[in-house]
1. Mind sorting Glu168, Glu289 by how few other Cβ atoms lie within 10 Å of their own Cβ, fewest first?
2. Rounded to the nearest 5, what % of DSSP beta bridges with both residues in region 119-238 are antiparallel?
3. For region 47-149, give the share of DSSP beta bridges that are antiparallel, in percent and rounded to the nearest 5; count only bridges with both residues there.
4. Can you give the FRET efficiency to the nearest 0.05 for Gln352 and Ser64, using r as the Cβ-Cβ distance and R₀ = 56 Å?
5. Just grab the label-to-label distance for Asn238 and Lys209, each label 7 Å out from Cα along the Cβ direction, in nm (one decimal).
6. Which residues' amide hydrogens lie under 5 Å from the amide hydrogen of Val297, considering only partners 5 or more residues apart or on another chain, with H built in the peptide plane?
7. Using DSSP to call loops (not H, G, I, E or B), can you name the chymotrypsin sites (Phe, Trp or Tyr not before Pro) in region 327-413 whose Cβ has at most 15 other Cβ atoms within 10 angstrom?
8. Starting from the 7 Å offset along Cα-to-Cβ, what nm value, one decimal, do you get for the label separation of Lys116 and Thr329?
Amino acid sequence: MRSTRKSQRFALALIGTVAAVAAPLTVSAPAWAAPAPATTTATVSSLPTQGQWKQINKIASAHSALGVADSGAVVRLAADTSAAAQAKVAAQLPAGAKTVVRTSKFSESKLNQIQKTVTARDWNSDADKYGVATSYDPGTDKVVVYTNAPASVTKSLTTSYPGALDVEQSRLEAQNSRFGDAQPFWGGAALVASESSGAYKCTAGFTVKERATGNLYMTTAGHCYSNLTHVYNRRADNSDGNWVGQVNRRNQSIDTEMIYASSSVAYGTDIYTGGTTYSESHAFVHGTEQPELGTQVCVSGSVSFNHCGHPISNTHFSICYSGGSNCITNGRGFLYDRGGTYPSYDNGQLTQGGDSGAPIYTEDYTQSAAWIVGSHSGLIYQGENACGCSKPHMVGVNVYSIVQAMGVDVITK
């Protein structure tokens, strides 16, 4: 099932453009836009010197300019700036800087209003599912919107401000990581029990809501911690971070347990998807998906990190691990293989110890939405013998088995 996404919990920071700039609509000027003089953008053979930059910025600030192009070629004044004021600014610019003065189509108040509208994300019913950032480009005299939202979502915004916006497909990430998490905690976060409990490493799975009580829980693997164990976010140096909660429910027939913190905001609806220790990448949980043969899934563990392209090879798998009572019974597990590239197609990454409990998921083309397929449990080496030619399979617990057995629903945005 798929559901709508709630608002992001952190301010968003742009980290890199991943697609080309969308072409602005070519329509007549809107009523709010002041006519701009028919001028061409100045070209420069080199950037201003450091001394010239200081002078240009000082002049721009003194005259309340909307901004200076990053090339130094244009100082952009507000639409209501008089010709005399424009000439005064031009006369003060440093000689040899090849900088020109231009007026904008925007007044300062109109520019602020557009940028506030962009970040309010109420211009489309699905806008708050996606990240958005905005800035003003004095060189092009346009508001630049950075977002991972598709064109179908941003269309209503560009239609409202024709010719005023450039939309760039971008990846935006919150300022947090799986080793520095805090309420509301996300799936994929690194977990550790206290030293008195053995400091065992595991990974947070995804947030669920108990139907009978409405309580929120964070899932992890049932073999990780004993009942009532206090669990913490594991820092990069393996020390205890913020308290995540206490193991409250366990079901060792599906290798699943749930962590509870008696707080309505303890757990969020995102999962970490970063491939390095300090990566802030994440995706929001948009729904759930049944494991099916051939489906290529991702897994986001706190030791091997996030990796994808793993085809599901068995959808009704049962296992009991040695040395304990943790099992996945009645075909409620599944196998997913390492995948890989030509020529062997079996050279992809494997999970490692400490990845137990990690979310297994599929993603959409924007890599910003995730559909939970299950929870990582362990590994099985098929045909293990002296030749060293065994074939590894990763083991997951079917998300629908967790939902049914625990009486919960996966929380989505």
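What follows draws every value from the coordinates through simple rules; no lab data is involved. Just so it is clear, the model here is predicted, and its values are computed rather than measured. Don't worry about glycine lacking a Cβ; one is built from the backbone with ideal geometry, like all the others, and counts go over all protein chains shown.
1. Glu168, Glu289
2. Of all bridge pairs located within region 119-238, approximately 75 percent are antiparallel.
3. Roughly 65 percent of the DSSP beta bridges within region 47-149 come out antiparallel.
4. The calculated FRET efficiency here is 0.50.
5. 3.9 nm
6. Hits under the 5 Å cutoff: Gly309, His310, Ile312.
7. Counting only loop positions with at most 15 other Cβ atoms within 10 Å, the chymotrypsin sites (Phe, Trp or Tyr not before Pro) in region 327-413 are Tyr345, Tyr365.
8. 6.1 nm
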